[in-house]
Amino acid sequence: MNIPSNLKYTKDHEWVIIDGAIATIGITDFAQKELGDIVYVDVDTVGETIEQDAVFGTVEAVKTVSDLFLPVSGEIIEFNEALDTEPELVNADPYGKGWMIKVEVAEDASLEGLLSAEQYADLIGA
């Protein structure tokens with residue numbers, strides 16, 4: 001199980017890395033394995049400002065559809081358009097080419113509640 005130590009995680013299996021005021025977000029290796037083959041990623045919230053823990057999109061796998069929850073409050077400024085034609089990138093490279101969105105983090109955004117790699121590993125029993 002791949003759990004990079006430079007990322008923060010949520011209990012809902014999203015990961016986030018913050019560089020200045022921009023957060024890049026995707027789903028974890030654990031999540032993509034649990035979902036199975038991903039066939040569609042739907043994010044129609046680009047340009048919207050969304051609160052922490054709100055749904056920003058969905059990911060559809062062969063067997064199920066799962067909501068995606070925003071780890072930090074802010075404005076969604078970019079969707080990884082490569083996922084429109086290659087949603088399987090989320091399975092192949094969840095922490096790299098399979099990233100989902102970029103968010104301009106709100107000034108008052110709280111990072112409380114985000115998990116370290118060690119805390120996330122404990123959560124999933126890795």
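What separates the Cα centres of segment 5-25 and segment 53-68 is a distance of 17 Å.
Structure remark: mean-square fluctuation, Gaussian network model of the chain, C-alpha springs under 10 Å; the largest value among VAL55, VAL41, VAL16 belongs to VAL55. Across the chain, Cα pairs under 8 Å and at least six residues apart give a relative contact order of 31 percent.
Put simply, the convex hull of the Cα atoms in segment 38-96 casts, on average, a shadow of 4.0 nm². The alpha carbon gyration tensor of the chain gives principal lengths a ≥ b ≥ c with a/c of 1.5 or higher and a/b no greater than b/c, which makes the shape oblate. When the helices of the chain are scored as -39500 (n - 2.57) per DSSP H run of n ≥ 4 and the total is divided over every residue, the value at 222 nm lands at -4000 deg cm²/dmol.
In terms of accessible area, using a 1.4 Å probe and ignoring ligands and nucleic acids, MET100, MET1 rank largest first as MET1, MET100. The share of accessible area on the chain that comes from carbon and sulfur is 45 percent, using a 1.4 angstrom probe. Averaged over its residues, the chain has an accessible area of 52 Å² per residue, based on protein heavy atoms and a 1.4 Å probe.
Taking amide H positions as modeled 1.01 Å from N, with prolines and chain starts lacking one, the residues under 5 Å from ASP53 and 5 or more places away or on another chain are LEU70, VAL72.
The values are calculated or read from the model by the stated rules, or taken from the named source; none is laboratory data. Keep in mind that what you see is a predicted model, and the values were worked out from it rather than measured. Please note that ligands, DNA and RNA were not included when accessible areas were found on the heavy atoms of the full protein model with its side chains. Shrake-Rupley method; radii C 1.70, N 1.55, O 1.52, S 1.80 Å.
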